[in-house]
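Structure record follows, encoded as structure tokens.
The values are calculated or read from the model by the stated rules, or taken from the named source; none is laboratory data. Quantities reported herein were computed from a predicted structural model and do not represent experimental measurements. Note that each Cβ is placed from the backbone with ideal geometry, even for glycine, and that neighbours are counted across all protein chains shown.
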Amino acid sequence: MTPLEAEEVVIKTKDKEIIVQNPEVAVLEVQGQKIFQVMGGEISEKKREKAISIPEEDVQLVAQQAKVSLDRARAALEQTGGDLARAILLLTQS
């Protein structure tokens, strides 16, 4: 096992990130495969934001239907996960 100096180790899963600050990391190489062992450190977790792609046509449609700026329409679409109807309702009910 060979020690590896690391400041931070980040493990990304589908819905969260596990962050280990100031860990002790050891590397073991077996038959061409590297095995990393992470020990100790301060562990924290944070939820991963899912980036969505919003087509410009959707932004324009929401802006036109809700009679708002493109920026407000884009923000509403991001907030609703790209759902056109919910974005329009959100903008017109306030």
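Overview of results
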quantity: Yes/no for residue 54 being under 24 Å from residue 16 (Cβ atoms), touching a helix residue (DSSP H, G or I) at 6+ places or on another chain (Cβ under 7 Å), without any contact (Cβ under 8 Å) to a residue 60 or more places away in the chain and not in a helix (DSSP H, G or I); calculated: yes
quantity: Residues located in region 26-67, provided they are at pLDDT 95 or above, surrounded by 13 or more Cβ atoms within 10 Å (Cβ to Cβ) and touching an Asp or Glu at 6+ places or on another chain (Cβ under 8 Å); calculated: 38
quantity: Close pairs (7 angstrom Cβ cut-off, 6 or more residues apart or separate chains): touching a residue at least 12 places away in the same chain (Cβ under 8 Å) in region 30-43, of a type outside the set (Ser, Thr, Tyr) and outside any strand (DSSP E or B) anywhere; calculated: 38/23; 39/23; 40/23; 41/22; 41/23; 42/22
quantity: Matching residues in region 1-23 - criterion: being part of a loop (DSSP other than H, G, I, E, B) and either exposed (fewer than 11 other Cβ atoms within 10 Å of the Cβ) or within 12 Å of the chain's Cα centre (by Cα) (or both); calculated: 1, 5, 7, 13, 14, 15
quantity: Search result, residues across region 77-94 that are touching a residue at least 24 places away in the same chain (Cβ under 8 Å), of a type outside the set (Asp, Glu) and assigned to a helix (DSSP H, G or I); calculated: 84, 87, 88, 91, 92
quantity: Test result for residue 74, in contact (Cβ under 8 Å) with a residue 12 or more places away in the chain and either in a strand (DSSP E or B) or basic (Lys, Arg) (or both); calculated: yes
